[in-house]
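The values are calculated or read from the model by the stated rules, or taken from the named source; none is laboratory data. This is a predicted model, so every value here is computed, not measured. Positions of Cβ are generated from backbone atoms using ideal geometry, with glycine treated the same way; all protein chains shown enter the neighbour counts. Surface accessibility is based on the protein's heavy atoms, side chains included, excluding ligands, DNA and RNA. Shrake-Rupley method; radii C 1.70, N 1.55, O 1.52, S 1.80 Å.
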Amino acid sequence: MAASAERARHWQYAELPGVDLLRASYVEKIFVRHTHENFVIAAIADGVEVFHHGGADQYAGPGALALVNPDTPHTGRAGVPEGWRYGAVYPSPGLVAEIAAETTTIRGTPGFISPVLEDPYAAGLVHQVLRAAEEGNALAADTLLRVAVTRLLRLNGGPLPRRAVRTAGARIAARARAVLEERMAEPPTLERIAADLGTSPFALLRAFRDVYGMPPHTWLTDARVRRARHLLDAGAAPAEAAVAVGFTDQPHLNRHFTRIVGVPPGAYQRERKNVQDGDGALLVPSRAWQNRQPSQTYAVETPEGVETPDAAQPADAKETPDAVETSDAVETPENPTPPSSGTPWESGSPSGCPVSPSE
């Protein structure tokens, strides 16, 4: 996988509201520490991704899934010279909670326990969700997504611990975050915030990092990019969004946006606009995803208690037009491993892997 093959498509499918979709192949790409409002469910197709999560490097190779809960700081980079190729879905917390309430016994706010899960079958389901969305098969895309999330929650789910704001340091960190949110375009200095909150700069720095997993300036950049995404979704021009969230200019936004989202703001917005326009065009990334099959069957192993509509497994799938380059067809194992009652707690990271760059 050459560096010139790096590409990504970050888009939405109108029939899957609240869900972002991504196909990407990266070699030299490095994601800086950031968070997501939604869950991250990334299925690795080739290569290895390394991401720093929970104080350690996590390794995900072919057939594995990288799973990140909302508002959880993490990074991302290649774990092998050839990089990594993957597909990802980003369902909203509300959708995951809805699925968990209907199909699992999880009580409280649902989330993933281990950041890496070795499950080729679930990884295949993620790729099939993306393919169904690309082909405009709304019933299959929705069905496959719900079955995939159910399986992952049953294999690797549990209630997320509540973030308690009881200590004085945690309360100060929360107040500092509120100041930064309110004054995002023109934030005060660390010293000014600390003085206003009656503490010292280093005490504030330690408290903020303990609570939010990153120092205030890193959190602010992440929050600016997040708000810029909302502005772009609402139709603001990239240059307008840049100034509105506090970046110097559009190139400043471009640099940070690409380092966190994985695509430039202009490309991100074009995909969103294509969804809003509803022109029916299947804008699928090019040569990185050309290993096509003439027909596609959405094969689903249905978790117990979850009924899959017959329409999700079309017997008369049509041949993909030559003009539309679709994703790699993901073979579903003939006898996929059924969901187990056990919950894996370890990531299974291989030993002897390189250490991530310093933060």
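Quick notes on this one:
- Thr189 vs. criteria among the hydroxyl-bearing types (Ser, Thr, Tyr) and surrounded by 15 or more Cβ atoms within 10 Å (Cβ to Cβ): no
- Tally of residues being open to solvent by less than 40 Å² (accessible area, probe 1.4 Å) and out of contact with any Leu (no Cβ under 7 Å at 6 or more places or on another chain) across the stretch 20-31: 8
- Residues satisfying the stated conditions in the stretch 64-100, i.e. under 21 Å from Ala141 (Cα atoms) and touching a Lys or Arg at 6+ places or on another chain (Cβ under 6 Å): Gly87, Ile99
- Residue in the stretch 76-96 that is out of contact with any helix residue (DSSP H, G or I) (no Cβ under 9 Å at 6 or more places or on another chain), closer than 23 Å to Ala14 by Cα and free of Cβ contacts under 8 Å to residues at least 60 places away in the same chain present: yes
- Qualifying residue in the stretch 282-294 (condition: modelled with pLDDT of 50 or more and either more than 22 Å from Pro238 (Cβ to Cβ) or polar (S, T, N, Q) (or both)): no
- Residue match in the stretch 17-26 (condition: farther than 20 Å from Glu135 by Cα, part of a loop (DSSP other than H, G, I, E, B) and either in contact with a Gly (Cβ under 8 Å, 6 or more places away or on another chain) or of a type outside the set (Ser, Thr, Tyr) (or both)): no
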